[in-house]
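**Q** Have a look at the structure that comes next, please.
The values are calculated or read from the model by the stated rules, or taken from the named source; none is laboratory data. Predicted model only: the values in this text are computed from it and were never measured. Every residue, glycine among them, receives a Cβ derived from its backbone with ideal geometry; neighbour counts consider all protein chains shown. Accessible surface areas use protein heavy atoms only, side chains included; no ligands, DNA or RNA. Shrake-Rupley method; radii C 1.70, N 1.55, O 1.52, S 1.80 Å.
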Amino acid sequence: METVRVDTQDRSYDVTVGPDALQGLERLLADADRVAVIADEKVTALHGEHLRAALGGNRKDVAWLDVPAGESCKTLEWFGRSQQFLLDAGCTRRSVLIAFGGGACGDLAGYAAAAYMRGIRFIQCPSTILAHDSSVGGKTAINLPGGKNMTGAFHQPIAVLYDTNLLRTLPEGEVRSGMAEAVKHVLISSREDALELLRTLELDEMGEEELIRLIVRGIRVKAEIVGRDEREGSVRKFLNFGHTYGHAVEAAAGYGGITHGEAVMIGMVYALILSEQQAGAGRELTDALQAFAERNGYPLKKFADHPFEKLLGYMKKDKKASFGDLHFVLLPEAGAPDVRSVTEEDCKKADKELRIRMGVEAE
């Protein structure tokens, strides 16, 4: 079992990673007057009894709300349902809400906890590799039709229990999606390891020990950054590497049309091309990332279904944009992220180059 401490101004808490991490629940819930669960319906079907067993015999009265799997739960409608659910369950400010599922479910449940009675305690119990990123750091949100994660709150959990037993049922696409964020954490934090990881990591050959090592490494990177900048005023923006263009692809495809991690992988290749053009980066890292993604089955060409003008519209709504300026996390070199303002023409040039390198447009 591995434990990573997250220290923020709001609160400090532990992220516990390993088999049977959910056994820590009873201690965390000792003083709760009511316990409620918001769970991904697919995760309930697979692992619901595992969570109920971890809650212990004195928690038979737990309130439980199943929500649709994936991004389809992150809507105003389901946010409203979550608030009514907590009220109907008799939750008070002494209650604790458990988020049980992947990143989308955690986002919805975290925002529900942040809003209900102006904030109640919650625990993240992630069930996907992708959620090793989203479950840590207190960002909670839902989507609006015009943009991803456009309404939400910063609300830190009181704990994250990352039970790796739950990962054994993940389909191949979810493994791919989650590992995009793990790769991101290495790219933004380590000049020494980035190229080696991209050249050697084979997702279909990855063992459980290597997976846990990469998950813990990613959590440590995020915990260190969040501890320095809880509310994204400075260095926390580095965690958005690949997300500006990636979120645009995700939104254009319709939430669920491409996984978050697959869209971020496209966004990272785009951001590295932009780094070549705007920050003097060499091409070696870009080529290595593209080769890694192609070798491991990422659908890199899916962005080509959408013209640049459509993607630009979504990028302009990105939370990192200000007064029409577009801001991107660039990598002049691995381990040295930098936020820079770029023009629409700069973005168009990088998009053109991405299409050429992906073989979907002629030079």
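**Q** Describe numerically, in nm with one decimal, the distance between label points set 7 Å from Cα along Cα→Cβ at Ser12 and at Glu172.
**A** Using points 7 Å along Cα→Cβ, the separation is 4.5 nm.
**Q** A further question follows. How much accessible area per residue does segment 153-212 have, counting only protein heavy atoms and a probe of 1.4 Å, in square angstrom?
**A** Heavy-atom SASA per residue in segment 153-212 reads 41 Å².
**Q** Once you keep just the Cα pairs under 8 angstrom separated by 6 or more residues, what percentage relative contact order results for segment 201-267? Mind dumping the intermediate values first?
**A** Details: 37 pairs, mean separation 15.5, N = 67.
This gives 23 percent for segment 201-267.
**Q** With N residues in segment 104-194, what two-decimal value do you get for its Cα radius of gyration over 2.2 N^0.38 Å?
**A** 1.19
**Q** What does the highest-first list of 121-130, 291-300 look like by mean Cβ count within 10 Å? Spell out each step's value before the answer.
**A** Working: 121-130: 27.7, 291-300: 17.9.
The most tightly packed comes first, giving 121-130, 291-300.
**Q** Same structure, new question: Which pairs break 27 Å Cα to Cα here: Lys184/Lys301; Lys237/Lys316; Lys222/Lys349; Lys139/Lys349; Lys74/Lys237; Lys42/Lys352?
**A** Details: Lys184/Lys301 19 Å; Lys237/Lys316 17 Å; Lys222/Lys349 31 Å; Lys139/Lys349 32 Å; Lys74/Lys237 22 Å; Lys42/Lys352 39 Å.
Beyond 27 Å between Cα atoms: Lys222/Lys349; Lys139/Lys349; Lys42/Lys352.
**Q** Mean-square fluctuation check for the chain, GNM, Cα pairs under 10 Å: which of Met315, Met206, Met265 is largest?
**A** Met206
**Q** Would you be so kind as to identify all helices of the chain, as entire DSSP H runs, whose Cα atoms reach 24 Å or more along the helix's own axis and whose mean Kyte-Doolittle hydropathy is at least 0.5?
**A** Qualifying helices: 260-279.
**Q** Continuing with this model, one more query. Sort all Cα-Cα distances of the chain into consecutive 10 angstrom bins from zero, then give the percent of pairs in each bin up to the one containing the longest distance.
**A** 5, 26, 35, 23, 9, 2, 0
**Q** Compute, for the chain, the length of the dipole vector about the Cα centre, with Cβ point charges of +1 (Lys, Arg) and -1 (Asp, Glu) only. Units Debye, rounded to 20.
**A** Dipole about the Cα centre, nearest 20: 1080 debye.
**Q** Put +1 on the Cβ of every Lys and Arg and -1 on every Asp and Glu Cβ in segment 102-199; which of Ser190, Gln156, Cys125 then has its Cα farthest towards the positive end of the dipole?
**A** Gln156
**Q** So for the chain, taking the charge dipole from beta-carbon charges (+1 Lys/Arg, -1 Asp/Glu), which of Val269, Leu211, Gly110 sits furthest toward the positive end?
**A** Looking along the dipole axis, the top candidate is Gly110.
**Q** Sort the following peptides by mean Cβ neighbour count (other Cβ atoms within 10 Å, averaged over residues), highest first: 225-236, 153-164, 132-143.
**A** 132-143, 153-164, 225-236
**Q** What does the net charge come to around Ile120 if you take all other residues with beta carbon closer than 15 Å to its beta carbon, with K and R at +1 and D and E at -1? Show your work: numbers first, answer last.
**A** Values: positive: Arg11, Arg34, Arg93, Arg94, Arg118, Arg121; negative: Asp10, Asp31, Asp33, Asp88.
Result for the neighbourhood of Ile120: +2.
**Q** Around Gly261, what is the net charge, scoring Lys/Arg as +1 and Asp/Glu as -1 over all other residues with Cβ under 13 Å from its Cβ? List each step's numbers first, then the result.
**A** Working: positive: Arg176, Lys184, Lys302; negative: Glu71, Asp133, Glu172, Glu174, Glu181, Glu250, Glu262.
Summing Lys and Arg as +1 and Asp and Glu as -1 gives -4.
**Q** Given a 1.4 angstrom probe, what's the average accessible area per residue across segment 225-363, in square angstrom?
**A** On a per-residue basis, segment 225-363 sits at 40 Å².
**Q** Over all Cα pairs of segment 1-116, how is the pair count split among 10 Å bins, expressed in % and running from 0 up to the last occupied bin?
**A** Answer for segment 1-116: a P(r) of 13, 44, 38, 5 percent.
**Q** Mind telling me which of Leu55, Leu274, Leu108 comes out most flexible in a GNM of the chain, alpha-carbon contacts under 10 Å?
**A** Taking springs between Cα atoms under 10 Å, the residue moving most is Leu55.
**Q** Give me the extension gain from Arg118 to Ala362: residue separation times 0.36 nm, minus the current Cα-Cα distance, reported in nm with one decimal.
**A** Gain on extension, Arg118 to Ala362, equals 82.5 nm.
**Q** GNM on the chain, C-alpha springs below 10 Å: top fluctuator among Asp40, Asp88, Asp66?
**A** In this elastic network of the chain, the residue with the biggest mean-square fluctuation among Asp40, Asp88, Asp66 is Asp88.
**Q** Under 13 Å from the Cβ of Glu224, count the other residues' Cβ atoms, weight Lys and Arg +1, Asp and Glu -1, and hand me the total.
**A** +3
**Q** I've got another one for you. Using a probe of 1.4 angstrom, how much of the accessible area of the chain is carbon and sulfur, in percent? Write out the running numbers ahead of the final one.
**A** Numbers: 6880 of 14480 Å².
That share works out to 47 percent.
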